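Contents: one structure, followed by commentary.
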Amino acid sequence: MALLFALPLGARAAQLLLYDDTRGNMPQDQGAMAYFYDFFSGSDPGPQAVAGGVQLDTTGDRGDSAGFFSHIPGFWVPVSSSFPELDPADGFTLSFELDLHAEDHGTNINRAGFSALIVGEDLFGIELGFWTSEIWSQTLVGDQFRRGDGIAYDTTIGTILYDLTISGGDFFLFADGVEIFTGATRDYSAGSAFPDPYEVPSNLFLGDDTGSAGADFTLGRITLTTGPFAAAPAPLPVWLVLPGLGWIIQRRPRL
């Protein structure tokens with residue numbers, strides 16, 4: 001059933017292209033996402049346009065953190081005037097192609113070199129941390145971010161299309177169309193973070209958001225699909241279909 005929400009079905013669903021990896025430039029060049037790096041504690045790792053998208057490597061300096069926001073950090077206004085309100089009741093899906101070449105978090109089990117964050121209009125959302133062999137959900141203990149539940153998964157097999165869907169109070173993660181992880185959304189607004197995207201309704205982030213870990217990755221096409229999603233009509237009950245078949249058979253002209 002969850003797959004229904006991960007796909008843009010029906011005329012009511014709307015899709016916004018955030019990054020077109022075939023144009024030979026970077027997300028911040030296309031008017032829908034902003035690039036940001038932590039200039040207080042690290043250096044600019046310098047994203048590069050490559051075949052298949054944009055490559056960013058924050059493994060060289062553990063203090064580096066950088067990535068791509070839907071909202072301008074600090075001002076927290078959408079980069080694109082077309083960016084929609086993300087209503088969990090209607091459902092929404094962040095889709096992104098990711099090739100995770102390497103990831104290093106040392107001995108810090110509460111951090112990941114690559115993270116995907118999406119926050120709904122109600123401030124409930126999900127942040128997923130990507131290791132080379134695991135994907136896990138970020139949780140809060142007091143105001144501190146901690147590693148939550150996760151799944152074993154090889155994220156280094158090449159470019160993988162991830163669909164991260166939020167519907168109601170739940171999230172669903174798909175890898176190349178197969179559901180691999182699900183759970184409840186969280187309110188991260190009590191967490192201590194700077195800049196703080198967790199208190200910004202309807203926003204998202206892809207990249208390395210910590211100076212305690214690093215990753216070398218390539219991001220491909222990025223899209224955002226918002227509902228309400230039109231479900232396929234349910235099949236009619238057999239007890240309704242059979243009488244109709246009988247009437248058709250009786251009315252069939254004889255040869």
Checklist outcome for this item: So for the stretch 21-63, using the alpha carbon gyration tensor with a ≥ b ≥ c as root eigenvalues (a/c under 1.5 gives rounded; past that, a/b versus b/c decides prolate or oblate), I'd call it oblate
Next on the checklist: With +1 assigned to the C-beta of every Lys and Arg and -1 to the C-beta of every Asp and Glu, and no other charges, what is the dipole magnitude of the stretch 48-147 about the Cα centre in debye, to the nearest 20?
Outcome noted: 280 debye
Checklist outcome for this item: Here the stretch 165-174 yields Karplus 3J(HN,Hα) values (6.51, -1.76, 1.60; θ = phi - 60°; whole Hz; Gly and Pro given as x) of 10, 10, 9, x, x, 10, 10, 9, 10, 10
Checklist outcome for this item: chymotrypsin sites (Phe, Trp or Tyr not before Pro) in the stretch 56-85 lying in a DSSP loop, each with at most 14 other Cβ atoms within 10 Å of its Cβ, come to Phe75
Checklist outcome for this item: Shape call for the stretch 69-219, from the Cα gyration tensor axes a ≥ b ≥ c (a/c under 1.5 means rounded, otherwise prolate when a/b beats b/c, else oblate), comes out rounded
Checklist entry - If Lys and Arg each add +1 and Asp and Glu each add -1, what is the summed charge of the other residues whose beta carbon sits under 12 Å from the beta carbon of Tyr162? => result -4
Checklist outcome for this item: In terms of the alpha carbon gyration tensor, root eigenvalues a ≥ b ≥ c, rounded if a/c is under 1.5 and otherwise prolate when a/b exceeds b/c or oblate, the stretch 1-157 is rounded
Item to check | Filtered trypsin sites (Lys or Arg not before Pro), the stretch 93-191: DSSP coil and at most 13 other beta carbons within 10 Å | outcome: none
Checklist entry - Roughly how many debye, to the nearest 20, is the charge dipole of the stretch 91-130 about its Cα centre, given +1 on each Lys and Arg Cβ, -1 on each Asp and Glu Cβ, and no other charges? => result 120 debye
Checklist entry - Over what distance in Å are the Cα centres of the stretch 143-158 and the stretch 111-139 separated? => result 8 Å
Item to check | Karplus (6.51, -1.76, 1.60) ³J(HN,Hα), θ = phi - 60°, over the stretch 191-196, in Hz, Gly and Pro reported as x | outcome: x, 9, 8, 8, x, 9
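No value in this document is a laboratory result; all are computed from the given coordinates. Since the structure is predicted, the reported quantities are computational estimates derived from the model, not experimental observations. Glycine gets a Cβ as well: all are built from the backbone with ideal geometry, and neighbour counts include every protein chain shown.
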